[in-house]
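Below: one structure, written as structure tokens.
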Amino acid sequence: MFGICNLAIVPVRSEPSDRSEIVTQLLFGEHIEILERQNQWARIKIQFDDYEGWVDSKQYQVISEANYNQLSNDAIILNADLIDYISAPENLLLPIPLGASLSFLNNSEINTSNFDFEGTKTSGIKPKSALISTAFMYLNAPYLWGGKTPFGIDCSGFTQMVYKLNGYKIHRDASQQALEGEALSFIEESEAGDLAFFDNDEGNIIHVGIIMDNNYIIHASGKVRIDRLDHLGIYNPETNKHTHKLRVIKKII
């Protein structure tokens, strides 16, 4: 079975329970493969990044395999505003967040609610220089484990969405993203838009941020914020302390 998210933001959980940890989110228009059904729950795989988890079966719309494949091959079209809305007949308005997928709106077999969108869209690959201006759109978004929107986002959800909005596909988790791209030896070799990864005392990658010019970094820690970056890691000028230990810098694009 296959489906598409027809709500603004849907939690994807680690287990089939409303009390279970949220590991990521489905945004409006993202399409999924349904791997398993268990009572009111479905274990899904998100087509964009192959991420798996559990969602409430009432929180997606079933689509055909043919439509799933069509969406997978179509160009990705995304909402480019912090918040906008989808309209439908009878004055229905559905708010959608930055990065919601709009590719299915022209497919009448999927768009059975006759949703319409008149806001700003983005599609295609943008220059690397555009990554930072996109990242600024999330500035001060509160940290939320598993989050992917300006209303709550985690460190790797932030980097993934910034890259997605500029036409690039990277994995969901920081540990997965750290396996991508080309490692750089020094901060001085990096460019704005490269990713910096940070580990814990056990050597596990636990954090990621986007490098800016002049040894600054934008990342989600408490909120999406800008801090200093040096060879030791992230330096928070408010506390006068390093908060994250640098492991590796990667040029992804």
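The values are calculated or read from the model by the stated rules, or taken from the named source; none is laboratory data. It should be emphasised that the depicted structure is a prediction, and the values quoted were computed from it without experimental measurement. Here the Cβ positions follow ideal geometry from the backbone for every residue, glycine too, while neighbour counts run over all protein chains shown. Remember, those area values only see protein heavy atoms, side chains included, never the ligands or the DNA or RNA. Shrake-Rupley method; radii C 1.70, N 1.55, O 1.52, S 1.80 Å.
Any idea what log10 I(q)/I(0) is at q = 0.16, 0.21, 0.22 Å⁻¹ for region 1-57, Debye with uniform C-alpha scatterers and no solvent?
Cα-only, vacuum Debye calculation for region 1-57: -0.38, -0.68, -0.75.
So, in nm, how far is label Ser17 from label Tyr168 when the simple model puts each one 7 Å beyond its Cα toward the Cβ?
3.9
Given the pairs Lys164/Lys241; Lys126/Lys223; Lys58/Lys169; Lys45/Lys251, which are separated by over 30 angstrom at their Cα positions?
Beyond 30 Å between Cα atoms: Lys164/Lys241.
Where a Cα-Cα gap under 12 Å defines reach, which aspartates and glutamates qualify for Lys148, not counting those fewer than 8 residues away within the same chain?
Correct list for Lys148: Asp173.
Put +1 on the Cβ of each Lys and Arg and -1 on the Cβ of each Asp and Glu in the chain; which of Tyr85, Phe115, Asn39 then has its Cα farthest toward the positive end of the dipole?
It is Tyr85, whose Cα lies furthest towards the positive end.
Using a Gaussian network model of the chain whose springs link C-alpha atoms within less than 10 Å, name the residue from Thr134, Thr24, Thr112 with the highest mean-square fluctuation.
Comparing Thr134, Thr24, Thr112 in the GNM, the peak value goes to Thr112.
Any idea of Arg43's accessible area? Nearest 10 Å², probe 1.4 Å.
70
Given +1 on the Cβ of Lys and Arg, -1 on the Cβ of Asp and Glu, and no further charges, what dipole in debye does the chain carry about its Cα centre, rounded to the nearest 20?
Rounded to the nearest 20 debye, it is 240 debye.
Please compute the volume of the convex hull spanned by the alpha-carbon atoms of the chain and report it per residue in Å³.
132
If Lys and Arg each add +1 and Asp and Glu each add -1, what is the summed charge of the other residues whose beta carbon sits under 14 Å from the beta carbon of Ser64?
-3
Considering Cα pairs under 8 angstrom that are at least six residues apart, work out the relative contact order of the chain and quote it in whole percent.
This gives 14 percent for the chain.
For region 19-35, in order, what is each residue's ³J(HN,Hα) by Karplus, 6.51 cos²θ - 1.76 cosθ + 1.60 with θ = phi - 60°, in whole Hz (x at glycine and Pro)?
Per-residue couplings from phi come out as 8, 6, 4, 7, 9, 6, 10, 9, 9, 3, x, 6, 10, 9, 9, 9, 8 Hz.
So if I take the alpha carbon set of region 1-142, get Rg, then get Rh from the Kirkwood formula, what is the Rg over Rh ratio?
That ratio is 0.97, to two decimals.
Give me the number: length gained by fully extending Ile226 to Glu189, i.e. 0.36 nm times residue separation minus the C-alpha to C-alpha distance, one decimal in nm.
11.3 nm
Taking the dipole about the Cα centre of region 115-222, with the C-beta of Lys and Arg at +1 and of Asp and Glu at -1, give me whichever of Ile125, Gly222, Ala192 is farthest to the positive side.
Ile125
His242's amide H: which non-local residues (gap 5+, or another chain) put their own amide H closer than 5 Å, with H modeled 1.01 Å from N in plane and none for Pro or chain starts?
Asn236
Sort Met212, Met1, Met137, Met161 from largest to smallest accessible area, using a 1.4 Å probe on the heavy atoms of the protein chains.
Met1, Met137, Met212, Met161
Between 0 and 90 degrees, rounded to the nearest ten: what's the tilt of helix 155-165 against the longest Cα principal axis of the chain?
With both axes taken from Cα atoms, the answer is about 60 degrees.
Give me the 1.4 Å probe accessible area per residue for the chain, excluding ligands and nucleic acids, in Å².
47
Could you tell me the accessible area of Tyr51 in Å² (1.4 Å probe, neighbours in place), rounded to the nearest ten?
Taking all protein chains as shown, Tyr51 has close to 30 Å².
Percent of Cα-Cα pairs per 5 Å bin, from 0 to the last occupied bin, for region 142-249, please list those.
Pair shares across the bins are 2, 13, 24, 27, 22, 9, 2, 0.
Using a basic spin-label model with each label point 7 Å from the Cα along Cα→Cβ, how many nm lie between Leu92 and Ala75?
The modelled label-to-label distance comes out at 2.8 nm.
To the nearest Å, what is the center-to-center distance of region 123-187 and region 192-214, using C-alpha atoms only?
For region 123-187 versus region 192-214, the Cα centre distance is 11 Å.
When the chain is modelled as a GNM with alpha-carbon springs shorter than 10 Å, which of Ser57, Ser108, Ser190 fluctuates the most?
Greatest mean-square fluctuation among the candidates belongs to Ser108.
Relative contact order for region 11-153 using alpha-carbon pairs under 8 Å, separation at least 6, rounded to a whole percent?
Worked out over region 11-153, it gives 21 percent.
Over the Cα atoms of region 200-253, how large are the radius of gyration and the largest Cα-Cα distance (Dmax), in Å?
My reading of the Cα-based Rg and Dmax gives 10.9, 33 Å.
What is the sum of charges, Lys and Arg at +1 and Asp and Glu at -1, for the other residues whose Cβ falls under 11 Å from the Cβ of Ile9?
Residues near Ile9 contribute 0 overall.
Under a Cβ-Cβ cut-off of 12 Å, what is the net charge of the residues other than Ala141 that fall near it, where Lys and Arg count +1 and Asp and Glu count -1?
+2
Describe numerically, in nm with one decimal, the distance between label points set 7 Å from Cα along Cα→Cβ at Leu82 and at Glu36.
4.0
Choose one of Thr239, Ala174, Gly53: the residue whose Cα lies farthest towards the positive end of the charge dipole of the chain (beta-carbon charges +1 Lys, Arg; -1 Asp, Glu; about the Cα centre).
Thr239
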